[in-house]
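The values are calculated or read from the model by the stated rules, or taken from the named source; none is laboratory data. The model shown is predicted, which means the values in this text are computed figures rather than measured ones. We place every Cβ from the backbone using ideal geometry, glycine too, and count neighbours over all the protein chains shown.
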There are 2 protein chains.
Amino acid sequence: MNGADSLCDTLLENDIDVCFANPGTSEMHFVAALDRKPQMRCVLGVFEGVVTGAADGYARMADKPAATLLHCGPGMANGLANMHNARRAHTPMINVVGDHASYHLQYDAPLTSDIESLATPMSDWVRRIASADDVSGAAAAAISAANSGYGAVTTLILPADAAWTETSTPIQKATPAKRTQVSPQALQAATEALNNGRNTVILLSGKALRSKALETAARIAERTGARLMAQQSNGRIERGAGRVKIERVPFSVDLALKALQDTEQLILVGAKTPVAFFAYPGKPGELVPENCKRIELTQPDDDLPDALEALADAVGATNTPISLLAERIDIGLPTGTLDAAAVIQAIGSLLPENAIICDESVTSGRDSFKSTFGSAPHDFLQITGGAIGIGIPMATGAAVACPDRKVVLMQADGSGMYTLQALWTQAREQLDVVTVIFANRSYAILHNEFKQVGAGAPGRNAHRMLDLDNPAFDWVHMANAAGVEAARVTTTAALSDVLRSAMARKGPFLIEAVI
Amino acid sequence: MNGADSLCDTLLENDIDVCFANPGTSEMHFVAALDRKPQMRCVLGVFEGVVTGAADGYARMADKPAATLLHCGPGMANGLANMHNARRAHTPMINVVGDHASYHLQYDAPLTSDIESLATPMSDWVRRIASADDVSGAAAAAISAANSGYGAVTTLILPADAAWTETSTPIQKATPAKRTQVSPQALQAATEALNNGRNTVILLSGKALRSKALETAARIAERTGARLMAQQSNGRIERGAGRVKIERVPFSVDLALKALQDTEQLILVGAKTPVAFFAYPGKPGELVPENCKRIELTQPDDDLPDALEALADAVGATNTPISLLAERIDIGLPTGTLDAAAVIQAIGSLLPENAIICDESVTSGRDSFKSTFGSAPHDFLQITGGAIGIGIPMATGAAVACPDRKVVLMQADGSGMYTLQALWTQAREQLDVVTVIFANRSYAILHNEFKQVGAGAPGRNAHRMLDLDNPAFDWVHMANAAGVEAARVTTTAALSDVLRSAMARKGPFLIEAVI
């Protein structure tokens, strides 16, 4: 076998059997190797932001990494924005980036670039494969790294000569992720805080937001009077009717400061101290009061659900009943004008059981979280790193991971235009995704931010940079171009009709809701 | 004024009056500053690869840089692939990348990333602005750098607090590009080589490929018996009927080796020694014979046309008549099957006077260069760094620079899907671009490369990564979605009709030629 075969076999041996790919010439030996392994599912994205965003959505739902296949520095560069989001979501990911043969780099051929420098800011782990003999060990190390801690984005640079050279190195197994127990000191500090009667917030993220862990956290909260909150952005939350009702830290600095103003103690479970998404003149960077005491209950390698169980034991909450479970509420179908709230109401009302909501609705969907507490139980995946263009790819990857579940994407129009090529992958793979475009035809978030700057009413140049209405992008034509059926709606009645029918059928469908 | 005003004024003071932009929150003060300066033309791209690719196309034709406006590390990351192409074309470019306020970086907010590490591989010059007082000096230094040497891609990182803080620093002027004379040693070496009777190739790139410089080079060639060639990829060539007929080094390693096999001496004028685009087992990296003597006539700061004049003087070619000028040839309209050659023939035949051809036709257009020697005089802009997705943006930028000239884009379908959002900018700005899609519905180049690997016939996984026919992307729907009129053609007669009419009208139009 050659190095490419060795890489393919190492991935499969370690249960990585999906590869989102956009290969180029330097990756042809790996493509040939994949061809010899039909058990590897290869999913083509016709832009690299699709590839990495889909790998993110896949891993969030599959709880294991996918591989990606990217072409040299510029190809990887196209995927960096969604690698950034994945890193912020702590998504495990194995990016395989083909490079020139090692002896060819000296010639500085046109596609040559410094892949390490490009990869490092958006990767938790980077390694260049030294030779064909090094392939399996390097790949196993990447897989070990990806599955360690909260989950890591890894980048493995594969020189073409390492791929095409013969090797007899045995296929390596990755080290299973070690899951450590919560430290006694941290447990004691958290227990004391919860027992001292001060105003305490337990801030959760990562695997602490799965339904069983949330129930444990809810018992602790009810027993001790602490408040539960989730981070502003999280890779995945299990929520909806019958599950723990948990709010997120608001995006707006003013609302977040208000929500956290009385916090004397902050217990972090897989979460970070909340900070402002952007700095604004005269506003603080951290969103908890300056003298708030922070207690890190967990470290990245800790088993978060176990840590919460230990804390529940310590505060005597093991059998505390939970009143925080969301009741199922039929919020009904919207009437009146078609606006963002109406779209959210329709989605919340018509959501099928066990769906996956992907959210890149940005400004339009900011209140959707509250409206859907009582909807059918679902997973909620959101943009985590602020790099827009994750929505359509993430929904694509989630649908690959969970073919039996409906994926519903709430997508802002401005962000959706970044990676609309993912619709083509949805059509090609016949994925069960309903995409709802909030077509406000502007960068609405920037209109708000422009106001915050105190610049008054936007003039000609500002309008030319914030508005998307001239021409209005036609999402129905776009979806059709990619092979996805679609409809445009301008009334609440039409939205409800089309959305009901889209929820009932299988396969990709797009609804452009003009709001 | 604040730092953002200072930046805007510094750009305008130095004759930079076009800004291709995709701003975010951290750039709102700069947007507000641009709003106060209507003389700055702001062109929105709804994806950053559009922004940087358009800035490249603009500068190639305007012979001066545009500014870009990009949002934080991930926003810039989306623009890196076309910054890479621009750097390989030696295009002058000023990328303004907004970042968090300097004191906010410590919080590692979700959008935070190491912009310097990301920017460095695809920039010739990177600087982080230190404060509002530093803005004008830093911007002037960026402009000086961009215009120096063969032309440079520069990245200027603008922290939000540097933008919003008041400053009274005077607006700075950039240093005018110094143009040096060819060194006497280099001139003597080249002169001796041209007079010693050995087999010599004069390899040109950059400004040596403008029509007057090419005429000088042609005189030298005719006087001395040397051969003229252009690099494989170049930012801009002035060519067509009445201009010097010059071949490029072939892309194929085998063809290039054959073309250069007898070369004993290589005189480089703004060019680099030709190397293989990719390494292949058993094939050399450099494309000239090992013992070929290389003479660098010019250094980056040299005035290339002047250097050629000096060389012409030295070899007594100042008044040598030129027989290498291309004659106007009417190649007629294609008949028979609609294939890539037929599309090229139709374009070559119907090209208006003084058009700008942008070429990202990859496999389909590889022979287009020979077919259009005798077409109406035109500028020829091509992909330079192998990072696909430059075509539609580059055509967009070229049309902004030259509103009175027809831009004709020869676009491969696979590459075109990368940055199709640029069509929307063409519609918004009503740019005079005819886009011709070579719709072969596959990554044809990779099918060739797969064969080169010796992997035999592609199997299921390989087909799933190399073919784009399931579903076939519908370019007419896509163009319409973006507000661009379009037509699909499947016969040579229809192509000729539609292309003739597209050439005669103003404004954007797309033709999907199914080949």
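Residues checked against (1) out of contact with any helix residue (DSSP H, G or I) (no Cβ under 9 Å at 6 or more places or on another chain); (2) buried (at least 24 other Cβ atoms within 10 Å of the Cβ):
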position	(1), (2)
B:61	no, no
B:65	no, yes
B:68	no, yes
B:78	no, yes
B:81	no, yes
B:106	yes, no
B:127	no, no
For region B:311-336, enumerate the residues that are touching a helix residue (DSSP H, G or I) at 6+ places or on another chain (Cβ under 6 Å) and surrounded by 14 or more Cβ atoms within 10 Å (Cβ to Cβ).
B:311, B:312, B:314, B:315, B:317, B:320, B:322, B:324, B:331, B:333, B:334
Restricting the search to region A:469-479, which residues are farther than 12 Å from residue A:420 by Cβ and touching a strand residue (DSSP E or B) at 6+ places or on another chain (Cβ under 9 Å)?
A:469, A:472, A:476
Looking at (1) at pLDDT 95 or above; (2) over 18 Å from residue B:382 (Cβ atoms); (3) within 14 Å of another protein chain (Cβ to nearest Cβ), which one does residue B:309 not meet, given that it meets all the others?
(3)
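If you check B:337, B:273, which single one turns out to be away from chain A (no Cβ under 14 Å) and of a type in the set (Val, Ile, Thr)? Break it down stepwise before answering.
On the way: B:273 fails: away from chain A (no Cβ under 14 Å).
Answer to the selection: B:337.
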Please find, within region B:106-138, the residue that is farthest from the other protein chains (Cβ to nearest Cβ) out of those that are out of contact with any Gly (no Cβ under 9 Å at 6 or more places or on another chain) and within 23 Å of residue B:5 (Cα to Cα).
B:137
Out of B:68, B:52, I need the residue that is modelled with pLDDT of 95 or more, assigned to a helix (DSSP H, G or I) and either closer than 30 Å to residue B:385 by Cα or among the hydroxyl-bearing types (Ser, Thr, Tyr) (or both). Which one?
B:52
Of all the residues that make up region A:117-147, how many are farther than 14 Å from residue A:59 by Cβ, in contact with a Lys or Arg (Cβ under 8 Å, 6 or more places away or on another chain) and not in a helix (DSSP H, G or I)?
1
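Could you tell me which of the residues A:191, A:200 is out of contact with any strand residue (DSSP E or B) (no Cβ under 8 Å at 6 or more places or on another chain) and either crowded, with 16+ Cβ neighbours inside 10 Å or at pLDDT below 95 (or both)?
Working: A:200 fails: out of contact with any strand residue (DSSP E or B) (no Cβ under 8 Å at 6 or more places or on another chain).
Of A:191, A:200, the one residue that is out of contact with any strand residue (DSSP E or B) (no Cβ under 8 Å at 6 or more places or on another chain) and either crowded, with 16+ Cβ neighbours inside 10 Å or at pLDDT below 95 (or both) is A:191.
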Selection over region A:86-104 where residues are surrounded by 22 or more Cβ atoms within 10 Å (Cβ to Cβ) and either among the hydroxyl-bearing types (Ser, Thr, Tyr) or closer than 19 Å to residue A:19 by Cβ (or both) yields a count of 10
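Any idea which of A:486, A:481 is facing another protein chain (nearest Cβ under 7 Å), crowded, with 17+ Cβ neighbours inside 10 Å and at pLDDT 90 or above?
Result of the check over A:486, A:481: A:481.
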Which number in (1) under 23 Å from residue B:164 (Cα atoms); (2) within 27 Å of the chain's Cα centre (by Cα); (3) more than 7 Å from every other protein chain (Cβ to nearest Cβ); (4) not in a loop (DSSP other than H, G, I, E, B) marks the one condition that residue B:85 misses?
(1)
Checked B:235, B:240 against criteria (at positive phi and surrounded by 17 or more Cβ atoms within 10 Å (Cβ to Cβ)); the one match is B:240
Within region A:398-405, is even one residue surrounded by fewer than 23 Cβ atoms within 10 Å (Cβ to Cβ), part of a helix (DSSP H, G or I), of a type in the set (D, E, K, R) and more than 14 Å from chain B (Cβ to nearest Cβ)?
no
Quick check on region B:34-48: of everything there that is in contact (Cβ under 8 Å) with a residue 60 or more places away in the chain and more than 7 Å from every other protein chain (Cβ to nearest Cβ), which residue is nearest to residue A:76 (Cα to Cα)?
B:45
Checked A:462, A:427, A:504 against criteria (under 27 Å from the mean Cα position of the chain (by Cα) and surrounded by 19 or more Cβ atoms within 10 Å (Cβ to Cβ)); the one match is A:427
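For region A:439-515, which fully contained helices (runs of 4 or more DSSP H) count at least 3 residues that are more than 30 Å from residue B:33 (Cβ to Cβ)?
Details: elements: A:444-452, A:460-466, A:475-481, A:492-504.
Helices (runs of 4 or more DSSP H) meeting the threshold: A:475-481, A:492-504.
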Return the only residue of B:395, B:387, B:422, B:439 being at the interface with chain A (Cβ under 9 Å from one of its Cβ atoms), of a type in the set (A, V, I, L, M) and either touching a helix residue (DSSP H, G or I) at 6+ places or on another chain (Cβ under 9 Å) or crowded, with 21+ Cβ neighbours inside 10 Å (or both).
B:387
Identify all residues within region A:9-24 that are assigned to a helix (DSSP H, G or I) and surrounded by fewer than 23 Cβ atoms within 10 Å (Cβ to Cβ); write none if there are none.
A:9, A:12, A:13
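Out of B:473, B:380, report the one residue that is crowded, with 21+ Cβ neighbours inside 10 Å, more than 9 Å from every other protein chain (Cβ to nearest Cβ), in contact (Cβ under 8 Å) with a residue 24 or more places away in the chain and of a type outside the set (Val, Ile, Thr).
Values: B:473 fails: more than 9 Å from every other protein chain (Cβ to nearest Cβ).
Step by step, each of B:473, B:380 is checked, and only B:380 is crowded, with 21+ Cβ neighbours inside 10 Å, more than 9 Å from every other protein chain (Cβ to nearest Cβ), in contact (Cβ under 8 Å) with a residue 24 or more places away in the chain and of a type outside the set (Val, Ile, Thr).
So which of A:238, A:215 is more than 27 Å from residue A:278 (Cβ to Cβ), more than 14 Å from chain B (Cβ to nearest Cβ) and in a strand (DSSP E or B)?
Values: A:215 fails: in a strand (DSSP E or B).
Selected residue: A:238, the only one of A:238, A:215 that is more than 27 Å from residue A:278 (Cβ to Cβ), more than 14 Å from chain B (Cβ to nearest Cβ) and in a strand (DSSP E or B).
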Working carefully through the options B:202, B:237, find the one that is among the β-branched types (Val, Ile, Thr), outside the structural domain of residue B:144 (by the TED database) and within 19 Å of residue B:359 (Cα to Cα).
B:237
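More than 19 Å from residue B:271 (Cβ to Cβ) and within 14 Å of another protein chain (Cβ to nearest Cβ), is that true of residue B:159? Break it down stepwise before answering.
On the way: more than 19 Å from residue B:271 (Cβ to Cβ): yes; within 14 Å of another protein chain (Cβ to nearest Cβ): yes.
In short, yes.
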What number of residues in region B:25-49 are under 27 Å from the mean Cα position of the chain (by Cα) and not in a helix (DSSP H, G or I)?
9
